[in-house]
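The values are calculated or read from the model by the stated rules, or taken from the named source; none is laboratory data. Worth saying up front: this structure is predicted, and the values here are computed from it rather than measured. Note that each Cβ is placed from the backbone with ideal geometry, even for glycine, and that neighbours are counted across all protein chains shown.
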Amino acid sequence: MDRKTIELIALGASAAVNCRPCMDHHLAEGRRLGLSDKQLCSALEVGVRVNQGAGEKTVEYITEHLGQRLAAERRGGCCG
């Protein structure tokens, strides 16, 4: 794989795991390599979708094993 592709993958993965320092690093590196904001945004969108899918599956798992659904809209703790 070329370096640009690797950075796009790393950027999406960083978004999927909510790693802001990682996203900062890979955004800067992607820009240094000449990737457009559109390309960078596309990679971030993929990562966000992966993250959201994982969250939905976690709620399904909890519902299945505890017999009740979490209030997914509720925010709490340190993350908002």
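Taking the range 3-24 as the search range and keeping residues that are under 15 Å from V48 (Cβ atoms) and out of contact with any helix residue (DSSP H, G or I) (no Cβ under 6 Å at 6 or more places or on another chain), which one is surrounded by the fewest Cβ atoms within 10 Å (Cβ to Cβ)? Among them, the one singled out is R20.
Would you be able to say whether some residue in the range 22-39 is within 30 Å of R69 (Cβ to Cβ) and without any contact (Cβ under 8 Å) to a residue 40 or more places away in the chain?
In the first step, residues of the range 22-39 are kept if they are within 30 Å of R69 (Cβ to Cβ); the result is none.
No; the residues of the range 22-39 include none that is within 30 Å of R69 (Cβ to Cβ) and without any contact (Cβ under 8 Å) to a residue 40 or more places away in the chain.
Being out of contact with any strand residue (DSSP E or B) (no Cβ under 9 Å at 6 or more places or on another chain) and modelled with pLDDT of 95 or more is a property that holds for A15. Before we move on, is G53 on the phi < 0 side of the Ramachandran plot, in a helix (DSSP H, G or I) and at pLDDT below 95? It is true that G53 is on the phi < 0 side of the Ramachandran plot, in a helix (DSSP H, G or I) and at pLDDT below 95. Here is a check on your reading of the model: is A43 at pLDDT 95 or above, in contact with a His (Cβ under 6 Å, 6 or more places away or on another chain) and either in a loop (DSSP other than H, G, I, E, B) or surrounded by 16 or more Cβ atoms within 10 Å (Cβ to Cβ) (or both)? Taking the combined requirement at face value, the residue does not satisfy it.
Taking only the range 1-21 into account, find how many residues are over 30 Å from R69 (Cα atoms) and not polar (S, T, N, Q).
Filtering the range 1-21 for residues over 30 Å from R69 (Cα atoms) gives 1-11, 21.
After this cut, where a residue has to be not polar (S, T, N, Q) as well, the list is 1-4, 6-11, 21.
So the answer is 11.
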